[in-house]
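Novice: Sharing a structure below in structure tokens format, with a few things to ask.
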Amino acid sequence: MSRVGKYPVELPAGVQVAIASGILTAKGRLGELALRLTDLVEAKVEGNKVSVAPKSDASYRALGAVIEAVQNHRDEPVPFHLRNAPTKAMKQWGYGAGYQHAHNFEDALPEMECLPESLAGTRFYEPTNRGLEQKIAERLDAIRNRKRKPDDPPSG
């Protein structure tokens, strides 16, 4: 498997490769190898070829930032508009009041804030300007610009 890299690698006759639940398994006449794939690698099997490509570490950095925020910020209650209101009493207390169902909005972009008050507006994921992430960055900028208030500077 060490040859797998920039280009797809053709599998030798009798070797089978499968990917399931984040584990790549190769079986052949010499035995079986199971390898847990990290979040930083994307692997796929197409026909008799295996491709492995590095993912940008922007998502990995974002996960680290989320973990740090969880560890370093005070516990805050779930905002009332995000709370489920299965009972009449909870509805009377304001649970779910002001909730904006995304599918009821143009481009599924409601205006409500979903982070706790101390983290409101925080950006955890900052995509790179390469490959697919460049398109993601452009889309996020468009969303932020559409949601921004008149006094806010443009995103991007």
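The values are calculated or read from the model by the stated rules, or taken from the named source; none is laboratory data. Quantities reported herein were computed from a predicted structural model and do not represent experimental measurements. Ideal geometry is used to build each Cβ from the backbone, glycine not excepted, and the neighbour counts take in all protein chains shown.
Novice: Just one of (1) under 30 Å from Ala53 (Cα atoms); (2) exposed (fewer than 12 other Cβ atoms within 10 Å of the Cβ) trips up Glu126, so point out which.
Specialist: All conditions pass for Glu126, except number (2).
Novice: Checking the condition in the same structural domain as Leu115 (by TED's automatic domain parsing), of a type in the set (S, T, N, Q), at pLDDT below 90 and outside any strand (DSSP E or B), which residue from Gln100, Gln71 passes?
Specialist: Gln71
Novice: Whether any residue in segment 100-108 is touching a residue at least 12 places away in the same chain (Cβ under 8 Å) and aromatic (Phe, Trp, Tyr) is what I want to check.
Specialist: Scanning segment 100-108, I find no residue that is touching a residue at least 12 places away in the same chain (Cβ under 8 Å) and aromatic (Phe, Trp, Tyr), so the answer is no.
Novice: I need every pair where a residue in segment 125-152 that is under 11 Å from Ser56 (Cα atoms) has its Cβ under 6 Å from the Cβ of a residue that is surrounded by 11 or more Cβ atoms within 10 Å (Cβ to Cβ) and among the polar types (S, T, N, Q), sequence separation at least 6 or different chains.
Specialist: Thr128/Ser56; Glu133/Ser56
Novice: Follow-up question, since we're still on this one. Kindly check whether there is at least one residue in segment 46-64 that is of a type in the set (A, V, I, L, M, F, W, C) and at pLDDT 90 or above. Spell out the reasoning first.
Specialist: Quick first cut of segment 46-64, residues of a type in the set (A, V, I, L, M, F, W, C) only: 50, 52-53, 58, 62-63.
Keeping just the survivors that are at pLDDT 90 or above gives none.
No, every residue in segment 46-64 fails to be of a type in the set (A, V, I, L, M, F, W, C) and at pLDDT 90 or above.
Table: residues versus (1) in contact (Cβ under 8 Å) with a residue 40 or more places away in the chain; (2) within 17 Å of the chain's Cα centre (by Cα).
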site	(1), (2)
Val66	yes, yes
His81	no, no
Trp93	no, no
Gly96	no, no
Glu117	yes, no
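Novice: In the set Tyr60, Tyr99, which member is surrounded by 10 or more Cβ atoms within 10 Å (Cβ to Cβ), of a type in the set (Phe, Trp, Tyr) and under 21 Å from Glu133 (Cβ atoms)?
Specialist: Just one listed residue meets the conditions, Tyr60.
Novice: Now, a different point. Only residues that are free of Cβ contacts under 8 Å to residues at least 24 places away in the same chain, among the hydroxyl-bearing types (Ser, Thr, Tyr) and in contact with a helix residue (DSSP H, G or I) (Cβ under 9 Å, 6 or more places away or on another chain): list them for segment 34-64, please.
Specialist: If the condition is that a residue be free of Cβ contacts under 8 Å to residues at least 24 places away in the same chain, among the hydroxyl-bearing types (Ser, Thr, Tyr) and in contact with a helix residue (DSSP H, G or I) (Cβ under 9 Å, 6 or more places away or on another chain), then Thr38 is the only one that fits.
Novice: If you don't mind, there's one more thing I want to ask. Give the residues of segment 6-22 that are surrounded by 11 or more Cβ atoms within 10 Å (Cβ to Cβ), modelled with pLDDT under 90 and either within 26 Å of Gly64 (Cα to Cα) or touching a helix residue (DSSP H, G or I) at 6+ places or on another chain (Cβ under 6 Å) (or both), sorted by residue number.
Specialist: Gly22
Novice: I'd like the full set of residues that are on the phi > 0 side of the Ramachandran plot and surrounded by fewer than 13 Cβ atoms within 10 Å (Cβ to Cβ), limited to segment 63-96.
Specialist: The answer is Gly94, and nothing else.
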